[in-house]
Structure formats: C-alpha cells, structure tokens
Amino acid sequence: MINQIKKNSRVISVLIKIRFQNLMMFRLGFFGPFFVDGSLFLIQLIVFQTIYLKIDRIGTWGRGEMVLYIGTFSMINAINMFIYFFGVIGIPDKIKSGEMDLYLTKPISPLLRLTFEKINPGSFPLIIMSAFIIAYGINLVNIQITIEKIVVYVFWIIVMSILFYELEVIIRSISFFVISNSSITRIEEAGLELCMQLPGIAFYGVYKLIFCCILPYGIMATIPVQSLVGDLNLTGAIYGVMVVVGFTVITCLIWKRGIKNYNSASS
Amino acid sequence: MRKYTEIAKIYIKAQLVWRADVALNMVFTVTRILFAYLLWGAIFGTNTEVAGFTFYSMLSYYIISAFLNQLDMSGLISNEISTRIRNGTYSKYMIIPVSIEKYFIAMEVGVVAFYLAFDFIAAMVWIFIFRIKFIFTTNVVTIGCTFLMILLGLLFMAQLNYYLGLLTLKYQEIGMFLMIKNNIVAFVTGSIVPLVLLPKIYVSIMKLFPFYYITYLPSMLLIGRYQNEMLVGLIVIFLWCVIIQILIQVTWGKYRRKYDGVGI
C-alpha cells in the first residue's frame, strides 16, 4: 500500500513537470480559465448583492451566507479547474479516437494519469479569489471563527471536490457505452448552472431529490457553508458523507465496467 | 436579396439534421425558468412585492427573457469566424459572391426562424407545467414596437458577434474573450435578474448602452411595464446598430490584409 502511494506520488510529480513544460510552450491564454470563471463568479456575486438590496433573506439565508455560498462554490470549482478538469474532460475523445489504448498499456492507473496529466496552474488565482470571497462572506455573517470550524470547513471542501470529480468522471465514462454523451454533458452544464446560483436550501420536493441526491450539485457548496455557519446537524453531515461514499462506489463500478467494455478505436 | 433568402433557407434546412439538438434546446430553456421559480419562490414566500414585481409578473418576465435569449444564436457567428480565421479556412467566405456580413446575418435569420416555433412551444409548456399566471400586454402598439425592438436587438447581437469574430484577424485567439463576453452579456441584458433591481444610477448608465434593449426592455414592455421608454429604446438600439456597422467597416478595412489563409 505504502509502495503504491509512493509510486503514484512519483507519477503525479512527473505528470506535473511535463504539464508545466507543455504550458510554457503555449503561453497564450495561460490565465484564461481564471478570467472566464473569475468573471462568472464575480457576476454571481453582483447578482446576489443586487437581490439583497431589495430583500433581507432568501429562505433562511441572509447576504453573508449567500456570499459564503458563492465563494465556496467558486473554491470547489477552482480546485476542479486547477487539478483535474482539463484531464477528465478529455475522456470521451480518448475513448472515441482509441487513444485510451495508450493509457491502458502504461503501468499506472489510466484514471490517475488522466486526472493529473492536465493540471492547470493558470487557475490557481481562482483559489485566491475564492478565498477572498469566503473571507468577505465570513465578515458579513459575523460569526465566531474557530480553528475547529475551519478544519471542518476545509474537510467538507475536500470531500465535495471529490464528489465533483466523481460526477465528472461518471458523466464522461458514459462514452464507454454510447456513441455520443453530449446530451448528458448538457444535463451536467444545466445542473451546474442552476446549483451555482441556488443553494440547496432553496430546493424542495422533486427538485430536492434531483439536485441533492441524483445529481447532487445542490449539496456541494451548501454543506460546507452550513458547517461554517453552524447550521449543519448530524443527519445532514451523515447524509453528505453517504452521498460521497455512494458516488465513489458508483464511479469505481462504472469506470471498471467501462474499461472492460472498451474495444479500442471501435468503441 | 434573393441569394440571402436562399442562404437563410439552407440554414433552416440544415437545422433539421440536428433534431436532437433542437429537442435539447427546448428542454434546456427550463434551466433559467426553474432558477427563477425556485429562487423567487423562496423570496416571495416572505415578500408580496419586490421592485414592483409580483411572483407571477417576475416569472412572466423570466419566461419572456428566456425565450428571447434562446432566440439569440449570434454566438455561432463569432465562433465560426474565429475558428475559420484561425485554421485558415475563412477564404471560403471571401471567395463567394456575397457580402460576408450579410451572409452571417442571413444565417442567423435562418437559424432563428427555425427555432422560433420550438422556443415558443417550450415557453408555453413551461407556463403550463409551472402553472404560471402569465402576464402579457394586450396593447397592440406596444407589441408591434417591441417586436421591432427585438428584431433590432437580434441584428445588433449578430453585428456585435461579427465584429468580435473579425478581431481574430488582429488578436488570433479570442475564445477566452468570447466566454467572458457571454458571462457579462447574460448579466447586462437582464437575463439573470431584472435590471430594475440594480441601483437607479447603474440603470441610467445602462440605458445608454444597447444591452438594455436586447432582452430586458422588450421583456418589461411585454409584461406591460415601461411603455414610456419604448420610443427612446427604439431610437437608441437603432443608433447602436449604425455605430457598430461603422465599426465593422473600419475594422474589416484595417485588418483584412492580415488574413493569410494559412492558419495558425
């Protein structure tokens, strides 16, 4: 086990080095993801600041909680863009073109390589920007911040980044079984667009089932915020962990099944 | 004129190839309406009126603005021009005996004409599913003027995207800029939230720019508000169409020689 971890760490560090060399060759648009996603979340911030000029609360959340929500979603998205997004989105093309062969023949996990081969350092400023939004939100909510709260919040950010990663892998792995997965990626885009703007507390009934269970984008930033402001109860915490564990199992099953189903370029 | 009608017809027919895309486009108009339904549902749970809107007038606003947004397919123009210039195949448009800008406007007309009926059906379906008491003006003059404003708005967006596409001649890669533009345009056209929620000073500034008249003002007019801004709106958006046309001519004249037909 320890040897495996050591080996994987070496592989990851080599992949990062190669990626940096590659990025230095194509410097154009290095900070592109930062500007694109940065503008998206700043506009989001302006939208909710605008809404809160006219009202005091949305459900049980005031302006501070909403700013925290936007900052947290931005942080999870920033981690996604920084580490695995650009690697994972390439899965369908690699399946279609048969390029996945190259990944299967290497003596490392293909998913590990796909995950870390396209780290995007240009997205790092997004993490800093998100941290500023979160700090601003904390200031607005006016809560007592303790080390314990920060540790729990960081724990949830990591757990929800894993959930985001798993959802991306599941959706892209469908390409192992179908010719085109564009419809499913559009569902992903629509779900993300909606949950980026709406916290989980706004969902009810069938919408709650869809966005907090089937496509759980609705809990990704909601649970970390609830943990920080002290709204998260034990049931909510257990539910959050269960969802992530459940999706981890589903991701492993679909990925393994997909690899078995893979027939090189004819897939 | 006849050749541009033919181009529009070809693009209408071409859409039939992408039937799944048409269906998906219809389905995904729901995202913005669902967002409005849930967000404003939570807000109107404790408020009866926000910035002059009731719950149903707010949802009517979102239905109309989502419909207008869906109609605007001009993003295709800048992407097509940018890609073609980058890979050196823009020559295709330079050698055919048509005005390139008019070609793209005809393309936009064809695509919009095709999607018009489907987007209308989608809007009706969402009104029915979400049981929205839809608010719509009955004033014929307002409807007529708004229709004209919508047409000018669509024309302006087509011109804007054509202009941005041409900037590839100078800057080579504008993909990132186009994505940022989309984020900003979604906000300043009032597609995310009605602009009336902004402080008055910002709204006054926005009235000087064309984006106020693309989605926001037509949607407000169609739910029966801001009739007094109708005429000024038509004049401003028309002037912006003229201004951007001049900008297009200048840019094309200045940068077309930079195109080498080789690609990057």
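What the table shows:
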item: Charge dipole of segment A:169-257 about the Cα centre (unit charges at C-beta), most positive-ward option of A:LEU253, A:ILE184, A:GLY200; result: A:LEU253
item: Set of lysines near A:LYS106 by C-alpha distance (under 22 Å), chain-local residues within fewer than 8 positions excluded; result: A:LYS6, A:LYS7, A:LYS17, A:LYS94, A:LYS96, A:LYS118, A:LYS256, A:LYS260
item: Stretch gain in nm, segment A:ILE187-A:LYS208, where the contour uses 0.36 nm per residue and the Cα spacing is subtracted; result: 5.9 nm
item: Ranked A:LYS96, B:LYS258, criterion: other C-beta atoms within 10 Å, fewest first; result: B:LYS258, A:LYS96
item: Selection from A:SER175, B:GLY144, A:MET160 lying farthest towards where the dipole of the protein assembly as shown points positive, charges on Cβ; result: A:SER175
item: Cα-only radius of gyration and Dmax that characterise segment B:2-258, units Å; result: 19.1, 62
item: Spherically averaged projected area of the protein assembly as shown from its Cα convex hull (nm²); result: 27.1
item: Within straight-line cross-link reach of A:LYS149, aspartates and glutamates at Cα separation under 19 Å, skipping those fewer than 8 residues along the same chain; result: A:GLU65, A:ASP231
item: Average beta-carbon neighbours from other chains, 10 Å sphere, peptide B:183-191; result: 3
item: Nearest 10 degrees, 0 to 90: helix A:182-197 Cα axis against chain A principal axis; result: 20
item: Rounded to 10°, Cα long-axis angle of helix A:124-141 versus longest principal axis of chain A; result: 20
item: Difference of contour (0.36 nm per residue) and Cα-Cα distance, B:ALA113 to B:ASN139; result: 6.9 nm
item: Helix-only [θ]222 nm of chain B, DSSP H runs n ≥ 4, -39500 (n - 2.57) each, per residue, nearest 500; result: -23500 deg cm²/dmol
item: Set of lysines with alpha-carbon distance to B:LYS170 below 26 Å, sequence-local pairs under 8 removed; result: B:LYS92, B:LYS102, B:LYS181, B:LYS254, B:LYS258
item: Top of B:PHE177, B:PHE114, B:PHE53 by mean-square fluctuation, Gaussian network on chain B, Cα under 10 Å; result: B:PHE177
item: GNM result for chain B, Cα springs below 10 Å: residue of B:SER219, B:SER65, B:SER91 fluctuating most strongly; result: B:SER91
item: Dipole of segment B:14-164, positive end: most advanced residue of B:ILE64, B:ASN25, B:ILE105 [Cβ charges, Cα centre]; result: B:ASN25
item: Simple Cβ-charge dipole of the protein assembly as shown, Lys/Arg +1 and Asp/Glu -1, about Cα centre, in debye nearest 20; result: 1160
item: Shielding by other protein chains, A:52-60, mean Cβ within 10 Å; result: 5
item: Magnitude of the charge dipole, segment B:2-258, Cβ model with Lys/Arg +1 and Asp/Glu -1, debye to 20; result: 720
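Readers should treat all values here as calculations from the given coordinates under stated rules, not as data from a laboratory. Because the structure is predicted, anything quoted here is derived from the model rather than measured. Methodologically, a virtual Cβ is constructed for each residue, glycine included, from the backbone with ideal geometry; neighbour enumeration extends over all protein chains shown.
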